[in-house]
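Values quoted throughout were computed directly from the atomic coordinates according to the rules given, and no laboratory measurement underlies them. Since the model is a prediction, treat every value here as computed from it, not as a measurement. Backbone-built Cβ (ideal geometry, glycine too); neighbour counts: all protein chains shown.
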Amino acid sequence: MGRRVRLGRLSWVAEIAAGLMPETGPAFAVEGQKASGFELDETLRLAAREAVADLEAAGLPVALLSGDGEARVARVAAEIGIARCITTRRPPTR
């Protein structure tokens, strides 16, 4: 009783977890215990690619801004036709 529980970014969960941390994805831990990691998949809307194309055709610049990892952001951007990606993810602190 009285222990913290966290679900979220690896660096945040690592502050309370014991032992090794998962390599990627969000994590879950009860204070003082080993963290568990898991992956999330995006389900993109069917009209996302069309919306991006319409914005670009109207002369508007399109970029994908995300706090996710660069590889994940690049994959999603490529899937919907966005050339410019900006990630704000910071390396995990331990």
### Query
How many residues does segment 37-65 contain that are surrounded by 13 or more Cβ atoms within 10 Å (Cβ to Cβ) and of a type outside the set (D, E, K, R)?
8
### Task
Kindly indicate whether any position in segment 66-79 is more than 14 Å from the chain's Cα centre (by Cα) and surrounded by fewer than 14 Cβ atoms within 10 Å (Cβ to Cβ).
yes
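For segment 44-83, what are the residues that are in a strand (DSSP E or B) and among the aliphatic types (A, V, I, L, M)?
Filtering segment 44-83 for residues in a strand (DSSP E or B) gives 63-66.
Of everything in segment 44-83, those that are in a strand (DSSP E or B) and among the aliphatic types (A, V, I, L, M) turn out to be ALA63, LEU64, LEU65.
Could you go through segment 23-36 and let me know if any residue there is of a type outside the set (Gly, Ala, Ser), in contact with a Phe, Trp or Tyr (Cβ under 6 Å, 6 or more places away or on another chain), surrounded by 12 or more Cβ atoms within 10 Å (Cβ to Cβ) and assigned to a strand (DSSP E or B). Working first, answer last.
Within segment 23-36, the subset of a type outside the set (Gly, Ala, Ser) is 23-24, 26, 28, 30-31, 33-34.
Now drop any that are not in contact with a Phe, Trp or Tyr (Cβ under 6 Å, 6 or more places away or on another chain), which leaves none.
No, every residue in segment 23-36 fails to be of a type outside the set (Gly, Ala, Ser), in contact with a Phe, Trp or Tyr (Cβ under 6 Å, 6 or more places away or on another chain), surrounded by 12 or more Cβ atoms within 10 Å (Cβ to Cβ) and assigned to a strand (DSSP E or B).
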### Task
Please specify each residue of segment 1-22 satisfying the condition of being within 16 Å of the chain's Cα centre (by Cα) and touching a residue at least 12 places away in the same chain (Cβ under 8 Å).
LEU7, GLY8, ARG9, LEU10, SER11, VAL13, PRO22
### Task
Taking ILE86 as meeting all but one of (1) over 11 Å from the mean Cα position of the chain (by Cα); (2) part of a helix (DSSP H, G or I), write down the number of the exception.
(2)
